Every structure is written in structure tokens, then in C-alpha cells.
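Engineer: The structure under discussion is supplied below as C-alpha cells; questions concerning it will follow.
The values are calculated or read from the model by the stated rules, or taken from the named source; none is laboratory data. None of these values were measured; they are calculated from a predicted model. With ideal geometry, Cβ positions are generated from the backbone for all residues, glycine too; neighbour counts draw on all protein chains shown.
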């Protein structure tokens, strides 16, 4: 089923704004912020207000076309929903971000379900720590 058909099946239509937001996300190499999306769109379409981008991101998420993640800086980052779900590791020393397959996080999710009765969505958050590179740097001794 194509995008237009999927939208129509949910009583929605593919507006210019939705199309521009989806295209900006497709062109992003990694997760991107709403501000970055709005800036890219406004380069070609200055009439598109940033609030329109926010509204359309939320609408596209409700439609299952995009999803968001909160990394260490608490800024919402967006990406296509059709990419493989993954978690995130963020280094608090250098700020690097690394995607980690959900299969690596499933043991943690299973333990949280078993021990806490909690169903985690580990793809919407980040595990913060120290990356391999920063761990190998001497701490000034």
C-alpha cells in the first residue's frame, strides 16, 4: 500500500506540509530535530511556519509514519518509522550517539517486564554512560 492510500484509509490526505516534513526526514542521515526539519523546509518554502512542522510531525506519528526518540539532551529527535527499531547509547563525556539493535536490549526489557511488571519502550529513550573510546582515555593520572 502506498503512502497516499494509507493516509486515505485513515481519513487523512497527503498535504504539501506533510509531504515536505516526510521528505526532510527521509533526507536526514540520522535522527533530526523539529527545528532542523523546519529550517530545511523554510530554505525552499519560507511560508511554512515552524509550528506547522510540529503539528505535522505529531500527525505523522499518529499515522505511524514517523517516530521520535529522546536522547540525553531531552530534545525530541524524529526519524522514519519504517527503519528497524533500535535503541540509543549516548556518551556523557564526548556526546557521541550510537544506535543499538533492539535484540541487544531485549534481555533488559524482559527483566523489567519480569521484575517490575513494566513494559518498556527502549526505542524511545537513550541509555547514558561512557563510550569505549572515552573509557580508554586515562583520567589524568
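Engineer: Please work out if residue 20 is in a helix (DSSP H, G or I) and either out of contact with any helix residue (DSSP H, G or I) (no Cβ under 9 Å at 6 or more places or on another chain) or surrounded by 17 or more Cβ atoms within 10 Å (Cβ to Cβ) (or both). First the steps, then the outcome.
Structural biologist: Numbers: in a helix (DSSP H, G or I): yes; either out of contact with any helix residue (DSSP H, G or I) (no Cβ under 9 Å at 6 or more places or on another chain) or surrounded by 17 or more Cβ atoms within 10 Å (Cβ to Cβ) (or both): yes.
When the stated conditions are applied, residue 20 passes them.
Engineer: Another question about this same structure. Do we have residue 84 as out of contact with any helix residue (DSSP H, G or I) (no Cβ under 6 Å at 6 or more places or on another chain), over 25 Å from residue 4 (Cβ atoms) and either in contact (Cβ under 8 Å) with a residue 12 or more places away in the chain or part of a loop (DSSP other than H, G, I, E, B) (or both) here?
Structural biologist: Judged against the criteria, residue 84 is not a match.
Engineer: Quick check on my filter: what residues within region 90-133 are in contact with a strand residue (DSSP E or B) (Cβ under 6 Å, 6 or more places away or on another chain) and either assigned by TED's automatic domain parsing to the domain that holds residue 75 or farther than 23 Å from residue 31 by Cβ (or both)?
Structural biologist: Scanning region 90-133 gives no hits.
Engineer: Do you know which residues across region 87-130 are under 28 Å from residue 23 (Cβ atoms) and outside any loop (DSSP other than H, G, I, E, B)?
Structural biologist: Those that are under 28 Å from residue 23 (Cβ atoms) and outside any loop (DSSP other than H, G, I, E, B): 87, 88, 90, 97, 98, 99, 100, 101, 102, 123, 124, 126.
Engineer: Within region 22-50, track down each residue that is within 18 Å of residue 83 (Cβ to Cβ) and free of Cβ contacts under 8 Å to residues at least 40 places away in the same chain.
Structural biologist: 23, 24, 27, 29, 36
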